[in-house]
């Protein structure tokens with residue numbers, strides 16, 4: 001596409017704006033629900049979602065990523081993929097329902113039986129919308145995706161808060177979890193206006209299946225390793241410890257998860273289109289990477305430095321025990337913010353096998369860290385987790401870029417600027433703490449210390465580090481008129 005750069009920037013801005021709104025909604029719902037519900041309510045649902053999250057990795061066998069990465073996808077292929085997704089979703093729902101008694105026995109918690117049965121429905125609902133979402137990504141219709149995502153989140157949040165206020169307890173969280181995919185799937189069908197045809201054999205899905213299978217295996221290994229901490233905490237430290245650990249993990253991961261989800265969809269679609277042009281691939285990735293780090297790095301560092309105030313403001317006084325866990329998890333989230341985008345590049349150029357090997361190497365170290373930290377409680381698990389991730393960061397960067405258009409120096413030189421500016425901002429906020437540290441309001445303190453950090457960060461990044469021209473160019477590209485359907489370069493594919 002001749003206008004790929006402009007579409008990518010507009011799509012990226014659209015998704016980032018939407019994710020900023022979604023971030024506010026998620027934080028708002030967390031603030032309200034943390035005050036309406038108890039840690040045990042979150043712990044009960046967390047015990048089930050740790051299991052269903054593993055099964056969710058199989059919901060399309062990586063075929064959605066394969067379909068986005070492919071240069072062309074026919075209508076027959078899209079229809080067949082849709083029915084494969086539905087079949088897989090139904091199978092996962094049955095597996096989840098059948099596993100309910102096992103979860104009850106494992107955790108010694110009878111309430112999990114009905115909760116697991118209810119959450120099984122989500123697999124079928126999700127399956128009905130996967131292929132429609134893929135179409136929107138292939139067409140670079142990220143504004144539409146942003147609207148659908150936001151509406152589904154608003155609806156789910158309303159259901160969750162309404163249920164909690166009505167006294168439903170942990171069932172409010174169950175209803176909230178199921179409501180989101182229902183609204184998202186309906187929105188995807190309405191937006192694409194595509195009705196799948198009957199499934200067909202011999203439509204050329206073999207290479208896509210191999211590509212998707214590797215992605216799925218990578219996701220399984222990574223997800224299993226990165227969520228075993230919650231399983232161990234719940235099994236050996238109890239439901240309340242899991243509630244504290246789980247809420248701390250959710251709160252610290254919200255910024256990077258939101259931004260990475262938005263940017264990942266745009267970046268993967270764009271990089272897949274230029275994967276045969278090494279120079280363009282390198283330029284696209286590094287510019288997007290720089291923009292992404294400028295958002296995620298300062299927010300994550302601010303969260304770790306101001307942990308007590310963040311937890312008090314967003315979760316409330318009764319969650320104060322989560323603050324040390326929250327701070328100790330911050331380094332791990334920082335590493336994810338730096339390393340995860342390299343996965344988009346590897347997948348776009350077809351290096352999915354390398355991603356799987358990296359996951360297989362990292363997983364044993366993560367599991368070992370959890371086991372080493374478990375005797376010291378949730379804080380011990382969080383500290384060990386972050387320590388392993390910090391040691392993994394540099395090897396992961398150089399392994400990911402080996403024999404690609406990127407070099408380790410490219411990544412490090414791009415990373416060091418937002419990281420350095422963020423550290424400088426945090427140092428200034430700490431130095432000035434005597435001015436506002438004695439204020440009784442945690443909210444006022446958090447606003448003041450965050451303002452100092454982000455002001456110093458922005459001033460340092462834009463001027464001494466020379467990023468002013470970069471952001472001016474992004475704004476200029478974003479403000480260009482969107483090509484109409486009649487103009488050259490505008491094409492929609494299945």
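The values are calculated or read from the model by the stated rules, or taken from the named source; none is laboratory data. Given the structure is predicted, the values throughout are model-derived calculations rather than measurements. Neighbour counts are summed over all protein chains in view; Cβ atoms, including those assigned to glycine, are modelled from backbone coordinates with ideal geometry.
Every condition in (1) over 19 Å from the mean Cα position of the chain (by Cα); (2) over 20 Å from residue 192 (Cα atoms); (3) at pLDDT below 85 is met by residue 13 except one, and the failing one is (1). Taking every residue in region 83-112 that is free of Cβ contacts under 8 Å to residues at least 24 places away in the same chain and pairing it with any residue that is surrounded by fewer than 17 Cβ atoms within 10 Å (Cβ to Cβ) and assigned to a helix (DSSP H, G or I), at least 6 positions away or on another chain, the pairs with Cβ-Cβ distances below 9 Å are 97/117; 100/113; 100/114; 100/117; 101/113; 104/113.
Scanning region 326-336 for residues that are surrounded by fewer than 24 Cβ atoms within 10 Å (Cβ to Cβ) and closer than 18 Å to residue 398 by Cα yields a count of 2. Restricting region 175-214 to residues that are at pLDDT below 70 and in a loop (DSSP other than H, G, I, E, B) leaves a set whose member that is surrounded by the most Cβ atoms within 10 Å (Cβ to Cβ) is 205. Every condition in (1) under 16 Å from residue 226 (Cα atoms); (2) crowded, with 19+ Cβ neighbours inside 10 Å; (3) over 21 Å from the mean Cα position of the chain (by Cα) holds for residue 319 except the one numbered (1). Of the listed requirements (1) surrounded by fewer than 18 Cβ atoms within 10 Å (Cβ to Cβ); (2) not in a helix (DSSP H, G or I), residue 140 misses just one: (1). Can you spot a residue in region 472-488 that is modelled with pLDDT of 90 or more and in a helix (DSSP H, G or I)? No, every residue in region 472-488 fails to be modelled with pLDDT of 90 or more and in a helix (DSSP H, G or I).
Only one entry in 112, 145 is closer than 26 Å to residue 24 by Cβ, crowded, with 17+ Cβ neighbours inside 10 Å and either at pLDDT 90 or above or in contact with a helix residue (DSSP H, G or I) (Cβ under 9 Å, 6 or more places away or on another chain) (or both), namely 145.
One residue alone among 339, 313 is touching a helix residue (DSSP H, G or I) at 6+ places or on another chain (Cβ under 6 Å), modelled with pLDDT under 90 and either surrounded by fewer than 24 Cβ atoms within 10 Å (Cβ to Cβ) or not in a loop (DSSP other than H, G, I, E, B) (or both), and that residue is 313. Residues that are modelled with pLDDT of 80 or more, surrounded by fewer than 18 Cβ atoms within 10 Å (Cβ to Cβ) and more than 25 Å from the chain's Cα centre (by Cα) do not occur anywhere in region 65-73. Among the residues of region 244-263, just one is modelled with pLDDT under 75 and surrounded by fewer than 19 Cβ atoms within 10 Å (Cβ to Cβ), namely 261.
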